[in-house]
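Only one structure is covered here, and it is reproduced in the block below.
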Amino acid sequence: INNRNEEIMEHKIAETNARIDVADVLRGLAVMGIILLHSIEHFNFYSFPEEVPFEWMKFTDQAIWRGLFFTFSNKAYAVFALLFGFSFYIQDNNQQRRGKDFRLRFLWRLFILFIIGQFNAAFFTGEILTMYAILGIILPIFCRMSDRTVAIFATLLILQPIDWAKLIYALCNPDYLAGYYFSIAFDVQKHGNFLETVRMNMWEGQMANMTWALEHGRILQTPGLFLFGMLVGRRKYFLYSEQNERLWLKALAISLLCFFPIYGLNNMLPEFIERSAVLVPLQLILSSFSSLSFMVLLVTGLLLTFYRVKDRSFFMRFTSYGKMSLTNYLGQSIFGSLLFYHWGFELGRYLGITYSFLFGILFVLLQMVFCSWWLRHHKHGPFEGLWKRLTWIGKNK
């Protein structure tokens, strides 16, 4: 009887750890932001109508473009990365409670994610799953280290040491010129058929994406956020307590104090620095810091609101969307490519930014309806369930 009670208690604890509603809400909102951005970008295919149908759309196009990029660009992906590390902690901790080591199994899980990422990359040049599969190796390496060690190393990654090195080198060498490599897939997206688009996406598209991530600081920032997400799980910061509420209030205040001066300084730099070799890495460092500050502001604002409101029905609508974030992300790649690229309907010729934004909202709403319906009949989303089954293939959990 005692053993049975212990098993029941362990199961309840595991279930509590396995799914925290606020994490699903955050994940759902992050995926929504990513999809809205990709919609107005026409899924990395920057082809737009030459003229707008109404004069007032010139204003709405600019307002929507700038507003979405200000709110979600580099922030939604940062939240997604933070929650990737958090999810690893939940899985690893659940296995530790059963006396099992999850690290090798997680490496196999990353390999499966890499394969899923290759499937996604066939449709969309901006895919991130492949990068997550590669950079996620850092989690099993650091998961048995102390909180202090993890926090120090994660902070070093967040501080963008490569770009500080570029900046220092440029200051010491006046003749140094900065250069970038980016393979543009525009011609294939505009003229290619489906097979040509897939071939391009499987090589040039991924090279472009990885190069962009390296040049814009995500190669270091992403694993740093993975580690911070793992720490959030360890310290149980997403669970409500008065201590955690005070912690998030402090984080909110600090992020507000940091964001506005850093954002303003970054916008002023081109007026005072002409050398691109100095300006580019310095702007990248500052934009990275300002984006992270704003991301913390968004996360803390949502957490504090979630803690304090009595009626959470609005937020809870995003839980099913967050639980099926992998399916939703893959879905936006497949249908976005179909609807906007030349091999499909090439809607970019007709939809400006305002109409594309409305399309993005409609697409998200349809996905939310599908997620709610699917999870009423299944425990996991289609790709989430497949990923889980392949993770534990040949092994009892």
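Give me the percent relative contact order of the chain, please, defined on Cα pairs under 8 angstrom at least 6 residues apart. About 31 percent, as a whole number.
Taking every full run of DSSP H in the chain, the ones that stretch at least 15 Å from end to end by Cα along their long axis and average 1.0 or higher on the Kyte-Doolittle scale are 21-40, 103-121, 147-158, 276-308, 353-377. For the pair S47 and N267, a Förster radius of 35 Å applied to the C-beta separation gives a FRET efficiency near 0.80, rounded to the nearest 0.05.
Its residues counted as N, the stretch 232-342 yields a C-alpha radius of gyration over 2.2 N^0.38 Å of 1.46. In this view, the solvent-accessible surface of F59, computed with a 1.4 Å probe and all protein chains in place, comes to about 150 Å².
The calculated FRET efficiency for I254 paired with M145, based on their beta-carbon distance and R0 = 35 Å, is about 0.90.
Taking one quarter of the surface of the C-alpha convex hull of the stretch 301-397 gives a mean projected area of 9.6 nm².
Here is the size of the stretch 23-149 from its Cα atoms: Rg then Dmax, 19.1, 65 Å.
Shown are T319, T149, whose ranking by accessible area with a 1.4 Å probe and every protein chain present, most to least, is T149, T319. In the P(r) worked out for the chain, what percent of Cα pairs fall beyond 42 Å? So the portion of pairs separated by more than 42 Å is 13 percent.
Legend: calculated FRET efficiency, E242 to D101, from the Cβ-Cβ distance at R0 = 41 Å, rounded to 0.05, equals 0.75.
Each listed q (0.15, 0.16, 0.18, 0.34 Å⁻¹) maps to a log10 I(q)/I(0) for the stretch 52-91, found by the Debye formula over equal Cα scatterers with no solvent: -0.52, -0.55, -0.60, -0.98. Roughly speaking, to the nearest percent, how much of the stretch 216-317's 1.4 Å accessible area is carbon and sulfur? C and S atoms contribute 65 percent here. Per residue, the chain reaches -24000 deg cm²/dmol at 222 nm when only DSSP H runs of four or more residues are counted, each adding -39500 (n - 2.57). Over the stretch 291-397, accessible surface divided per residue gives 51 Å², non-protein components excluded, 1.4 Å probe.
When the pairs K100/K388; K250/K323; K75/K100; K100/K236 are compared against a 23 Å limit on Cα-Cα distance, K250/K323; K75/K100 fall above it.
S146 contributes an accessible area of around 60 Å² to the protein surface, as traced by a 1.4 Å probe with all chains present. Once the cut-off is 14 Å, how many percent of the Cα-Cα pairs in the stretch 330-371 end up in the long-distance tail? Distances greater than 14 Å cover 51 percent of the Cα pairs. For the stretch 27-84, the list of GluC sites (Glu not before Pro) that fall in a loop by DSSP and count at most 13 other C-beta atoms within 10 angstrom reads E50, E51, E55. The order of the peptides 297-310, 119-132 by mean Cβ neighbours within 10 Å, most packed first, is 119-132, 297-310. Per-residue accessible area (protein heavy atoms, 1.4 Å probe) orders L339, L390 as L390, L339, starting from the largest.
The values are calculated or read from the model by the stated rules, or taken from the named source; none is laboratory data. Bear in mind the structure is a predicted one, so any value in this text is a computation, not a measurement. Cβ: placed from backbone, ideal geometry, glycine included. Neighbour counts: every protein chain shown. Accessible surface areas use protein heavy atoms only, side chains included; no ligands, DNA or RNA. Shrake-Rupley method; radii C 1.70, N 1.55, O 1.52, S 1.80 Å.
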